[in-house]
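Quick notes on the structure that follows.
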Amino acid sequence: MEEIQAVPQTGTSHALELRFTGSGNEYFRIWIVNLLLTIITLGLYYPWARVRRLRYFHGNTLVGGHALDFHGEPKKMLRGFLLAGALVLLYSFAGRISPLAGGVAFLAVASFVPALLWAALRFRLANTSWRGMRMRFAGTIGGAYRALAAAVVPIALLVGLGWLSGSPTDDPDQPPRTALAIAAPLVVLLALSLAPLMFWLFKRYQHGNLALGEERSRLGLGPGPFFALSFKVAGVFVLASLALNIGPALAVGLEDVRGRTWVLLLLVFGYLIVLAISGAYATSRLQNLLWSNTASARIRFRSALEALPYIRLAITNAVLVILTLGFYWPYAATATAKMRLEAVTVQLDVSPDELATEWRRDDDAAGDAAGDLFGIDIGF
Amino acid sequence: MPPGLEADYFDGRSARAIRVSLRVENGMLRIVGDALDLSVPVASIDWPERRSRGVRMAHLKGGGSLHCSSGVAWDAWARDQGLGDSLVVRAQQSWRLAVGAIAALIAVCAAFYLWGVPVAARVIVRLVPPGVDARVGEIVLDTLRDQEIVAPSAIEWEQQERIRTAFAAAVGRTWPPGDRPALHLRFYESALGANALALPGGTIIVTDDMVRLLADREDVMLGVLAHEIGHVRERHSMRALVQVSLLGAVAGLAYGDYSAVLAGVPAVLGQMAYSRDFERRADDESIRLLRANGISPEVMAMLFQRLQAESHRRAKEAKHFDLGIALASHPADEERMRRFQAAAHEGSMAR
């Protein structure tokens, strides 16, 4: 048996390193073959492609020397994929037929979202194993609705605003346009300011129900850090826009007629880089925030993903993906996975072997089969 | 008997590894280890795919699994036991086949773009009842009115009727009664400038500026309206809706993993190329009507000259972006003018 890369620490604490051994070259070949098969089968091959990709990424993720494994079955995932596809089609066509049908479809889809998220979380975790042990998602479907219930407030505000501004102006029962013009930005601002709270509620549900054996995680965080982080991300976005988008646009002044197409393309390019920078900043800070505060009774995680190297990687990836018309994507995906995963360590308050012997799973079948019911798999 | 492959067996109930030796005998996998002797049908096992590195994990029915930390040893063993690779696995492990896959992918995408999407859109639109077109057209018109892009026309009723009558007569001379499209001509004052639009369902909108631009040239106006009728007859706006959805779906499969923004780019560029194609088809219908009414298609040059003069005048009033041809929904004016001129010469030679 391969030795466990456990570094004994003070007392009985053990740190398990995460390693990612996937290679861009190999994943490129897997990706291109998958993409070809998916396109010539008009998308029906997608679940098989997804399973192969997840197995590649799981199988190359070593936790304390042991690889993760993915057990999802493509045929079951095809059902979930078709169901999700039908919902998306229904929604996009309903909106084109009439605003009322669009509204009804929106409500129908929105009322399904928590159940879909719950099913997806269950499916993904129930089909992920480490050392032959399946993980579990212990959250309930009711918990998913409770975690997402608060999202009704900003959605209702925005829908109400859209409805008011879309109604005829000469109707005396309606508030006048000027009042609406003042209220509209405030309502949007209010809805936006609630977003970190919504996000925290969802993450508390997600990170508070990860289970392995008898261990069950919780997220030891209030909503405060999420608000702080959203301000910082907004700040990074504004600074990056000033440096790469708004600044150059003002400097050029859009005067030269012949150069305009190029200026426009450069600005679009700059905007994509701005998105890459602020997205990478948000991802790295969020990963550290979430995983360093996720723990169960005897298992703790620590994530130390540095923002600057990760932003550098994201910029390189964005530039190369654009320049190669997407063909660089497999290299970007493996490099990103490596940097993100290897920043994480798992701390055990008990030796891994000792923990392994006490994990028993006798009451499994029914519960985990439910996770397979629709085979819904959404990436998180 | 040759020595079996050394691997770890997990029973799926505990995380304790059992050291086992693996061997295939008569279509059964024998798993032998400490106080363990299992025999499992080879066909029931979910075997791992060959990779250049990493561990190998096989899934057994009932939750058990086999792990081997040496991929090289596993692959050699699997080959010896006659467990072959699928074509997909071989393609994934060979650069030559992967490059072949790239070439095939590009060929498939090109065929899909050139024939697949337009043909699929035509078939799908044929399945959509015409009533849906009319409903979509009404929604578009309502939106144009609500957003004050169009306003009631200032053109006198007599002039509107004169254009309607002339156009109805010209259409009558062009298409046989069964094939004749329904005519709904509407006039609006609009911020769009001199323009004409065909809405799904057959309503044609002509802006007041267009009527003024061609007030002295009824022949050119007929050409403009016939172009719009061309869009209506072939249900171009409905086909465009379907085409952009199909393109978006495929681009999403290819690029959706990386960025939804990037995935939208090929869909938009592709739709613009299709749109240029629709314009050419509509110009052909315009040529057809002009000829059927004994008007030389060359008169359409007048339209482009006047439109260009108008756009220069507007450009001085308000600055706007000059987009390259890849980003334009219409072919270049010069190309369209040449097309009408060529049609005029062909016509005169045939006569």
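The values are calculated or read from the model by the stated rules, or taken from the named source; none is laboratory data. Nothing here was measured: the structure is a model prediction, and the numbers come from that model. A quick note on method: Cβ atoms are made from the backbone with ideal geometry, for glycine too, and the neighbour counts reach across all protein chains shown. Ligands, DNA and RNA are stripped out before the accessible areas are found, and what is left, the full protein with its side chains, is counted by its heavy atoms. Shrake-Rupley method; radii C 1.70, N 1.55, O 1.52, S 1.80 Å.
Residues in region A:29-50 that are more than 7 Å from chain B (Cβ to nearest Cβ) and farther than 23 Å from residue B:45 by Cα: A:31, A:37, A:41, A:42, A:44.
State which residue is nearest to the other protein chains (Cβ to nearest Cβ) when the search covers only region B:69-87 and only residues that are of a type outside the set (Phe, Trp, Tyr) and open to solvent by less than 30 Å² (accessible area, probe 1.4 Å).
Step one: of region B:69-87, the residues of a type outside the set (Phe, Trp, Tyr) are B:69-73, B:75-76, B:78-87.
Of the ones still in play, those that are also open to solvent by less than 30 Å² (accessible area, probe 1.4 Å) are B:71, B:75, B:78.
On the way: B:71: 10, B:75: 14, B:78: 16 Å.
Filtering first and then ranking leaves B:71.
Within region B:120-131, the set of residues being farther than 18 Å from residue B:232 by Cβ and open to solvent by 80 Å² or more (accessible area, probe 1.4 Å) comprises just one member, B:127.
When you go through (1) within 14 Å of chain B (Cβ to nearest Cβ); (2) free of Cβ contacts under 8 Å to residues at least 60 places away in the same chain; (3) over 25 Å from residue A:28 (Cα atoms) one by one for residue A:292, which number turns out not to apply? It is condition (1) that residue A:292 fails. Among residues of region B:230-252 that are among the acidic types (Asp, Glu), those with a Cβ under 8 angstrom from a residue that is open to solvent by 40 Å² or more (accessible area, probe 1.4 Å) and assigned to a helix (DSSP H, G or I), sequence gap 6+ or separate chain, pair up as B:234/B:281.
Among the residues of region B:174-202, those identified as of a type outside the set (A, V, I, L, M, F, W, C), farther than 16 Å from residue B:283 by Cβ and open to solvent by 30 Å² or more (accessible area, probe 1.4 Å) are B:176, B:177, B:178, B:179, B:180, B:184, B:186, B:189, B:201.
Residues are listed down the side, and each one gets a yes or a no for (1) under 23 Å from residue B:197 (Cβ atoms); (2) more than 10 Å from chain A (Cβ to nearest Cβ):
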{"position": "B:95", "(1), (2)": "no, no"}
{"position": "B:99", "(1), (2)": "no, no"}
{"position": "B:119", "(1), (2)": "no, yes"}
{"position": "B:148", "(1), (2)": "yes, yes"}
{"position": "B:152", "(1), (2)": "yes, yes"}
{"position": "B:158", "(1), (2)": "no, yes"}
{"position": "B:164", "(1), (2)": "yes, yes"}
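Note on region B:179-262: enclosed helices (runs of 4 or more DSSP H) holding 3 or more residues that are away from every other protein chain (no Cβ under 14 Å) and more than 19 Å from residue B:330 (Cβ to Cβ) are B:208-213, B:218-233. In region A:13-22, what residues are open to solvent by 20 Å² or more (accessible area, probe 1.4 Å) and at the interface with another protein chain (Cβ under 8 Å from one of its Cβ atoms)? Listed by number, the list holds a single entry, A:21. Taking the criterion of being within 11 Å of chain B (Cβ to nearest Cβ) and in contact with a Leu (Cβ under 6 Å, 6 or more places away or on another chain), the residues of region A:51-108 that qualify are A:58, A:61, A:70.
Quick check on region B:240-247. Is at least one of its residues modelled with pLDDT under 85 and either more than 16 Å from the chain's Cα centre (by Cα) or of a type outside the set (A, V, I, L, M, F, W, C) (or both)? Yes; the residues of region B:240-247 include at least one that is modelled with pLDDT under 85 and either more than 16 Å from the chain's Cα centre (by Cα) or of a type outside the set (A, V, I, L, M, F, W, C) (or both). Taking the criterion of being under 30 Å from residue A:214 (Cβ atoms) and open to solvent by less than 30 Å² (accessible area, probe 1.4 Å), the residues of region B:22-42 that qualify are B:31, B:33, B:40.
To keep it simple, each residue is scored yes or no on (1) open to solvent by 50 Å² or more (accessible area, probe 1.4 Å); (2) more than 20 Å from residue A:203 (Cβ to Cβ); (3) modelled with pLDDT of 75 or more.
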position	(1), (2), (3)
A:79	yes, yes, yes
A:85	no, yes, yes
A:90	yes, yes, yes
A:105	no, yes, yes
A:116	no, no, yes
A:147	no, no, yes
A:164	yes, yes, no
A:168	yes, yes, no
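Is it true that some residue in region A:68-75 is closer than 25 Å to residue B:47 by Cβ, of a type in the set (Gly, Ala, Ser) and at pLDDT 90 or above? No - not one qualifying residue is present in region A:68-75. The set of residues from region B:32-65 being in contact with a Phe, Trp or Tyr (Cβ under 6 Å, 6 or more places away or on another chain) and among the hydrophobic types (A, V, I, L, M, F, W, C) comprises just one member, B:58. Applying the set (1) part of a strand (DSSP E or B); (2) crowded, with 17+ Cβ neighbours inside 10 Å; (3) within 8 Å of another protein chain (Cβ to nearest Cβ) to residue B:19 leaves exactly one unmet item: (2). Please determine whether any residue of region A:308-322 is among the small types (Gly, Ala, Ser), more than 24 Å from residue B:12 (Cα to Cα) and surrounded by 15 or more Cβ atoms within 10 Å (Cβ to Cβ). Looking through region A:308-322, at least one residue is among the small types (Gly, Ala, Ser), more than 24 Å from residue B:12 (Cα to Cα) and surrounded by 15 or more Cβ atoms within 10 Å (Cβ to Cβ).
Has region B:269-276 got any residue that is within 18 Å of residue B:230 (Cα to Cα), touching a Gly at 6+ places or on another chain (Cβ under 7 Å), assigned to a helix (DSSP H, G or I) and modelled with pLDDT of 75 or more? No. Could you go through region B:160-167 and let me know if any residue there is assigned to a loop (DSSP other than H, G, I, E, B), assigned by TED's automatic domain parsing to the domain that holds residue B:275 and among the β-branched types (Val, Ile, Thr). Taking every residue of region B:160-167 in turn, none turns out to be assigned to a loop (DSSP other than H, G, I, E, B), assigned by TED's automatic domain parsing to the domain that holds residue B:275 and among the β-branched types (Val, Ile, Thr).
Condition check ((1) of a type in the set (Lys, Arg); (2) at pLDDT 75 or above) across all residues:
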position	(1), (2)
A:125	no, yes
A:128	no, yes
A:131	yes, yes
A:138	no, yes
A:171	no, no
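Among residues of region A:236-259 being part of a loop (DSSP other than H, G, I, E, B) and open to solvent by 70 Å² or more (accessible area, probe 1.4 Å), the one that is modelled with the highest pLDDT is A:255. You will find that of B:65, B:39, B:44, the residue that is away from chain A (no Cβ under 11 Å), polar (S, T, N, Q) and within 22 Å of residue A:72 (Cβ to Cβ) is B:44 and no other.
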